[in-house]
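So the structure is just underneath, and the comments pick up after that.
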Amino acid sequence: MLLVSKRMILVALVITLMLHAGAIFAEEGVDNWYHYEQGMRMLQVKNYQQAEKEFRYYQNHPEYHRHMFGVSHFGLGLMQQSMGRNDLAIEEFKLAIENDLHPVQKVSDSSYINIGAIYLKRKAYQDAITTYSKAIEINPKNGVAHYYLGVAYLRTGEYEKAEKEGAEAKKLGVPFTGIDDELAERKKSSSKDADAADDQPKAKGKKSTKKKAAH
């Protein structure tokens, strides 16, 4: 009887877990990356109409894919960015951040990085610094965010901060060397300017051309 009871308890436990899993499945929806991947393929060949259709698939089926809304908006942001519609791209990336509901695949830090890229292109360097900093707050190990934050600091003349962010990016595996190269070039240029200043002839006082008055 004890053995039977244990089996009954085990069966009941399995059924309970299955029901619980079914409830989670119904609530969170299905992980279906097919349409996002198709959208990215269409984006690569600049078939924007089909790309938009694929990315919007998740929003058109909220009963199953509510947790994919952030991914959907992120794809649409990439599409608008590719088309040069940067204001619309920023709107989509912000919506991606607001709807970043996927339990595993987060897009907020990548969205901030893409917004920052638009600000860099516009030479809105302070906005870029703020945006890349937000990406790092979300994911401190995002080396790309550290690197481009360093680039933004370069553009504002904050060279020590730029060097620090470039070094952090390198630690995190980012292979870009632009920050180091530009800082090295600036140091070299400053050294040349200093040497040139030292080589300038000293100004001599003018000799007086006035004749002494005759006594």
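A short reminder: the numbers here are calculations on the coordinates, not readings from a lab. On a predicted model such as this, the values are computed, not experimentally measured, just so you know. For neighbour counting, all protein chains shown are included, and Cβ atoms are generated from backbone atoms with ideal geometry for every residue, glycine included.
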Worksheet item: With a ≥ b ≥ c the root eigenvalues of the C-alpha gyration tensor of segment 31-105, is it rounded (a/c under 1.5), prolate (a/b larger than b/c) or oblate?
Response: oblate
Worksheet entry | Per-residue HN-Hα couplings for segment 90-99 [Karplus 6.51, -1.76, 1.60; θ = phi - 60°; Hz; x = Gly/Pro] | 4, 4, 5, 5, 5, 5, 4, 5, 5, 10
Response to the item:
Filtering chymotrypsin sites (Phe, Trp or Tyr not before Pro) in segment 24-131 by DSSP loop and by at most 15 other Cβ atoms within 10 Å leaves 33
Discussion item. Placing unit charges on C-beta atoms (Lys and Arg positive, Asp and Glu negative, everything else neutral), compute the dipole magnitude of segment 34-138 about its Cα centre in debye, rounded to 20.
Written reply: 320
Worksheet item: Once the principal axes of the Cα atoms of segment 107-192 are found, what is the range along each, listed largest first in whole angstroms?
Response: 45, 28, 16
Response to the item:
Here, residue 163 and residue 46, labelled 7 Å along Cα→Cβ, have an inter-label distance in nm of 4.3
Response to the item:
Which residues qualify? For residue 47, with a placed amide H closer than 5 Å and at least 5 residues away or on another chain, they are none
Practice prompt. Please tell me which of these pairs span more than 30 angstrom C-alpha to C-alpha: 106/187; 53/123; 53/170; 94/164; 123/170?
Written response: 106/187; 53/123; 53/170
Worksheet item: Picking from 153, 143, 132, whose Cα lies most toward the positive end of the charge dipole for segment 107-192 (charges on Cβ: Lys, Arg +1; Asp, Glu -1)?
Response: 153
Worksheet, complete the sentence: Taking r as the C-beta separation of residue 172 and residue 94 and R0 as 30 Å, the FRET efficiency to the nearest 0.05 is 0.75
Response to the item:
Assertion target for 45, 107, 71, ordered by fewest C-beta neighbours within 10 angstrom first, is 45, 107, 71
Item to complete: Assign unit charges at the C-beta atoms only (+1 for Lys and Arg, -1 for Asp and Glu), then state the dipole size of segment 107-192 relative to its Cα centre in Debye, rounded to the nearest 20.
Response: 200
Discussion item. Could you check the spin-label model distance between residue 188 and residue 82? Points 7 Å from the Cα along Cα→Cβ, value in nm.
Written reply: 3.8
